[in-house]
Structures are given as structure tokens and as C-alpha cells.
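The values are calculated or read from the model by the stated rules, or taken from the named source; none is laboratory data. Only a predicted model underlies this, so the values are computations on that prediction, with no experimental measurement involved. Cβ atoms come from the backbone with ideal geometry, glycine included; neighbour counts cover every protein chain shown. Accessible surface areas use protein heavy atoms only, side chains included; no ligands, DNA or RNA. Shrake-Rupley method; radii C 1.70, N 1.55, O 1.52, S 1.80 Å.
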Amino acid sequence: MIFCAGKKRTFVRNPSRNVLPPPSAAQLLVREKLRLTNQTLLPLRSLIDETWESRKYTKKTAFGSAFASMMINGFDRFSSGVEIDYQNIRICRGTLNQAPGLRLDLNGTRLTVSWINRGFHARNTFFCRDEDEAILVLLFPKAKVCLICRNGEIRRDEQLKADLPSPLVGQQMHAWFFFTNQGSKRSSNSEYLGEIAVGF
């Protein structure tokens with residue numbers, strides 16, 4: 001029997017005798033996708049909630065929109081199992097222009113992201129301001145480490161530099177980059193910069 005003490009009375013019920021069938025292969029697949037999506041995006045939740053332009057693009061929360069986006073687009077459709085397709089994961093979505101000439105270079109543990117601003121035709125327009133903040137997100141799946149490089153660099157600087165911790169040497173790294181502007185509460189779409197091995 002199952003007993004439950006309420007505020008005014010005690011309830012007694014017989015336990016359910018219904019035996020649920022084991023989960024199907026499709027259900028197990030969805031559960032694994034949910035687990036991996038949660039594992040990937042949860043460390044970034046505060047950043048996503050801050051920068052994702054949820055009022056324009058969704059009626060859900062910012063994190064809920066990013067979660068749904070990864071569930072739909074963030075897995076390899078041609079894989080026999082569940083394999084994350086990192087290039088289709090979106091960390092941020094917004095209306096600001098992304099920078100042309102975006103490039104990531106890694107020398108040992110010194111990381112540099114560069115872009116073009118001075119020659120960009122949309123410079124200092126509604127969708128591209130010199131004071132837009134530059135943000136770099138780094139994910140190390142095997143080490144289960146996520147780094148957010150947010151050191152005050154802005155679009156005008158045309159460069160963002162970061163030093164990676166030495167314990168991450170030899171790890172595979174995935175990188176995303178985007179701009180945000182807290183004054184106008186707008187951001188750019190995140191752009192995937194690729195998968196790179198951190199060298200010595």
C-alpha cells in the first residue's frame with residue numbers, strides 16, 4: 001500500500017500493477033540526445049540567457065530556444081548512433097552583423113581570434129557598432145570543460161587574445177565567436193570556428 005499524509009487526511013492507495021514496456025530504440029535515441037544537449041549547453045546557460053535575442057526569435061526562454069535548436073540541428077543525421085554535429089550548434093542568435101574575415105589562430109596555448117572592422121561596409125550602422133563586445137566560447141568535450149573568453153575586447157579592436165590553461169594541452173577544442181551589445185540588448189549569430197587540437 002502507498003500512504004500519503006495530507007494536511008487534513010491521510011490517503012491510501014494500492015500500488016500500480018501496470019508494467020511499462022522497455023523503451024524503444026527511438027526513445028533511447030531521444031534520451032541520449034537530451035542528455036548530450038543538456039551536458040553541452042547547461043554550462044553556458046547564463047551566457048545564453050543574457051545574449052540570445054529571445055524576444056525576436058522565439059516565445060520560449062532563451063535557453064529553451066537554444067536547447068530546441070541543438071536538438072533539431074545539433075546532431076549528425078547520417079550517423080548510426082548519436083553524434084554531436086558541433087558546427088550546427090548555435091550559442092547565440094541575434095540581429096547584429098557578424099564580422100567578415102573571422103579567423104582563429106592557436107600558437108601553443110596562446111589563442112588569437114581576428115576579424116575585419118575598419119574596412120567593413122556596415123561599420124557603425126544599426127547592425128554593426130564599434131563598441132560591440134566580442135565573446136569567444138571554447139568547449140573541450142573529453143575534459144568536460146567550457147571556457148568563456150570575455151576580456152573586454154570590442155569590435156573596434158579587431159582582435160581577441162586568450163591564454164589556455166596548460167592542463168588542456170592535447171585536448172580537442174571546439175570554438176564559437178559572436179558579438180553582443182548590452183546597450184541595445186542585441187547580439188550576432190554565433191559562428192563556429194572549427195575543431196582544433198591544443199598543442200604544446
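Values for this structure:
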quantity: Among residues of the range 51-81, those that are open to solvent by 50 Å² or more (accessible area, probe 1.4 Å), of a type in the set (Ser, Thr, Tyr) and either in contact with a Pro (Cβ under 9 Å, 6 or more places away or on another chain) or more than 24 Å from GLU133 (Cβ to Cβ) (or both), counted; calculated: 1
quantity: Where a residue in the range 170-185 is more than 13 Å from CYS149 (Cβ to Cβ) and its partner, wherever it lies, is open to solvent by 50 Å² or more (accessible area, probe 1.4 Å) and among the aliphatic types (A, V, I, L, M), with Cβ under 9 Å and at least six apart; calculated: GLY170/ALA197; GLN171/ALA197; GLN172/ALA197
quantity: Any hit, the range 43-50, residues being over 14 Å from MET70 (Cα atoms) and open to solvent by less than 70 Å² (accessible area, probe 1.4 Å); calculated: yes
quantity: Hits in the range 99-130 (condition: closer than 28 Å to LEU42 by Cα, open to solvent by 40 Å² or more (accessible area, probe 1.4 Å) and either in contact with a helix residue (DSSP H, G or I) (Cβ under 8 Å, 6 or more places away or on another chain) or of a type in the set (S, T, N, Q) (or both)); calculated: THR109
quantity: Residue check, GLN39 open to solvent by 60 Å² or more (accessible area, probe 1.4 Å), closer than 30 Å to ASN181 by Cα and not basic (Lys, Arg); calculated: yes
quantity: Pairs where the first residue, in the range 20-46, is over 14 Å from VAL145 (Cα atoms) and the second is open to solvent by 60 Å² or more (accessible area, probe 1.4 Å) and not hydroxyl-bearing (Ser, Thr, Tyr), C-beta under 9 Å, 6+ apart; calculated: PRO23/ARG31
quantity: Meets criteria (within 19 Å of the chain's Cα centre (by Cα) and farther than 20 Å from ARG45 by Cα) for LEU136; calculated: no
quantity: Hits in the range 121-170 (condition: assigned to a helix (DSSP H, G or I) and under 22 Å from GLN87 (Cα atoms)); calculated: LEU168
